[in-house]
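Only one structure is covered here, and it is reproduced in the block below.
The values are calculated or read from the model by the stated rules, or taken from the named source; none is laboratory data. Since the structure is predicted, the reported quantities are computational estimates derived from the model, not experimental observations. Glycine also receives a Cβ, built like all others from the backbone with ideal geometry; neighbour counts cover every protein chain displayed. With ligands, DNA and RNA removed, areas are computed over all heavy atoms of the protein, side chains included. Shrake-Rupley method; radii C 1.70, N 1.55, O 1.52, S 1.80 Å.
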Amino acid sequence: MRRLLRWIPMVACVALLLSGCNGQQGSSGAEPAASAVQMIDYNRNLQPAALDADDDYRTTYEIFVYSFCDSNGDGIGDLNGVREKLDYIADLGFDQLWLTPVHPSATYHKYDVDDYCAIDPSFGTMEDYEALLADCHARGIRVLLDLVLNHTSDTHPWFVAATDYLRSLPDDQDPVFEDCPYVWYYTFSREALDGFVPLEGTPWYYEARFWSEMPDLNLGNDVVRDEIRNIVQFWLDKGVDGFRLDAVTSYVTGSPEGNVEFLRWLSDTCKGIDPDCYLVGEAWTDRASIATLYASGIDSLFDFPFADSEGVIRQVMNGSYTASDYVQAMVSEEAAYRAANPAYVGAPFYTNHDTARSAGYYAQDDGPVTKMAYALSLLMPGNSFVYYGEELGMKGSGKDENKRAPMYWSADAAALGMCTAPAGMDELQMKFPPLEEQLEDDLSLWRWFKEVIRVRRAFPAIARGTTEPVEGVSDESVAAFVRSCEGQQDVLLVMNLRDQAATKDLSALGAAWQLAAVLNTNEEQITYENGNLSLPAYCIAVLTLDAGQ
């Protein structure tokens, strides 16, 4: 395949944990000699399963570029800052990046695009983006471009041309397509319809569901679709591996069928240009509606029912749902999505740039609950997504700026590489230490993420398999399930999600299981002897079938 030819083989070990913009070298790819934490030694020899370049079952790191790493001292995160942190990202085990929009825009968030085929100067140049792609591909890391198609900015040349033309018309004259086709790129009306805002100085209104400065595109217009086809072609030719699609439930206002039709067209268009192109859509809605959208044939849709402060994971970890409920929710969801699209790839995540950060969900927790909650997301099947800074337990809630705080590389806000907070962000007191301190702690959140991702990548069935409950083992506190898929070794995961130790008799499973990996939130050890599995508080045991059985 084309993409296989352009990738450089991934190096076996990452030489440096940190490089560049924060000035720290950190630890090397070698693990510490010994630790009181069982997982450090027990999992030491686990190796990631080999991935083809077009494999969609990834572990993805979302970067809000503005706040991640500043390479030139202007206080704004940039593409070269991301490049300088690729060894850090790869060492954690991530093999795909989703960068929030990098296109020119007047806002810090860039979700109001001025030019779909350019790079915002505050982030760098097109050459910087191309260099980032090359550096990522050299490490076996794919890159997703955030593609915002529901709307543009009100300063986009298309909208400027349309509105200048409408302002030039007498109030009683209708626009003529041949005179200005850009009017039909958007939806204008002489009536003040719901979701429409006035075009100052005219009798016209335009649709802008999110914000007056984000006019909605008319995605049913074939000329607009031709523009989108050209945009997709441009970025795939650059070497982008796929697209994160913003606001897919809003493509056609009030029409789920219209959203499905556009997603089908977009998926077919992207795959027609590059069969390996991966698409993941933001559908902030319920399971049934997500299943409906999967009928479009799109690869993935973000798993909102499990995410955020109201999702399944939070409800399990705060005791509103049981551990068994978590298992059953996965089973039910997988069945619904598979029925709509047998080839779907799940997209679990816990937080993103629009949600409150997870460290604030559990006020009295000093680490174990936050760790286990994220493991519940990372160990779900599919292509798993992690928002930057979650591996450090960053905090941020309320206004959007708070959720997009500078990456916590150092406690010194003036340290090399640190970004300036977005304008309007409240002063935030972080709950957990910065990276420079967490590196030396085998029970830090950073270490937990590294070990969970190590386990996820070592056992392919975790990401690729279907979930089968283990009856008689799961209960209020313990979640037990087998993840299985054709051609891969079955994996049994047993998770103690509460603050009391538990012992489970697995001898009735009728198969010879062996302890293959462990994940600990404390220094107490998981043991498995004569079919009895002893689980300290907040821990996970990973078992596989004895190869000799």
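Each label point was placed 7 Å from the Cα along the Cα-to-Cβ direction; for residue 106 and residue 439 their separation is 4.2 nm.
Here the calculated FRET efficiency for residue 44 and residue 530, from their Cβ-Cβ distance with R0 = 22 Å, stands at 0.30, rounded to the nearest 0.05. Secondary structure note: in the chain, about 60% of the DSSP beta bridges are antiparallel. For residue 131 and residue 264, the difference between the fully extended length at 0.36 nm per residue and the C-alpha to C-alpha distance is 44.7 nm.
Using only alpha-carbon positions in segment 450-541, the gyration tensor eigenvalues give semi-axes of 20, 16, 12 Å once each is multiplied by 5 and square-rooted (largest first).
Give me the percent relative contact order of segment 370-443, please, defined on Cα pairs under 8 angstrom at least 6 residues apart.
Reported relative contact order: 30 percent.
Heavy-atom accessible surface of the chain, averaged per residue, reaches 37 Å², computed with a 1.4 Å probe. For residue 184, the solvent-accessible surface with a 1.4 Å probe is about 90 Å², rounded to the nearest 10. Sequence-distant contacts, meaning Cα pairs under 8 Å at least 6 residues apart, place the relative contact order of segment 103-204 at 20 percent. Per the Debye formula with a single identical scatterer at each Cα and no solvent contribution, what log10 I(q)/I(0) holds for segment 413-468 at q = 0.18, 0.24, 0.28 Å⁻¹? Here log10 of I(q) over I(0) equals -0.81, -1.00, -1.13. Modelled this way, with points 7 Å down the Cα-to-C-beta line, the labels at residue 167 and residue 505 are 8.0 nm from one another. The charge dipole of the chain, taken about its Cα centre with unit charges on the Cβ atoms of Lys, Arg (+1), Asp and Glu (-1) only, comes to about 1340 debye.
On the chain, 49 percent of the accessible area sits on carbon and sulfur atoms, based on a 1.4 Å probe.
Evaluating 6.51 cos²θ - 1.76 cosθ + 1.60 at θ = phi - 60° for every residue in segment 460-471, the Karplus couplings come out as x, 5, 4, 7, 9, x, 9, 9, 10, x, 9, 5 Hz, glycine and proline recorded as x. Using 0.36 nm per residue and subtracting the Cα-Cα separation, the extra length available between residue 413 and residue 194 on full extension is 74.4 nm.
Net length available on complete extension from residue 423 to residue 118 is 107.4 nm, with 0.36 nm assigned per residue and the Cα-Cα distance removed.
Each 20 Å bin from zero up to the one holding the largest Cα-Cα distance in the chain carries the following percent of pairs: 21, 54, 22, 3, 0. The label point for residue 397 and the one for residue 484, both projected 7 Å from the Cα toward the Cβ, are 4.1 nm apart.
Among the listed pairs 110/450; 85/450; 395/450; 399/431; 371/395; 399/450, those with a Cα-Cα distance over 23 Å are 110/450; 399/450. Label zone of residue 52 (point 7 Å out along Cα→Cβ, amide N under 18 Å): in segment 212-256 this covers 241-242.
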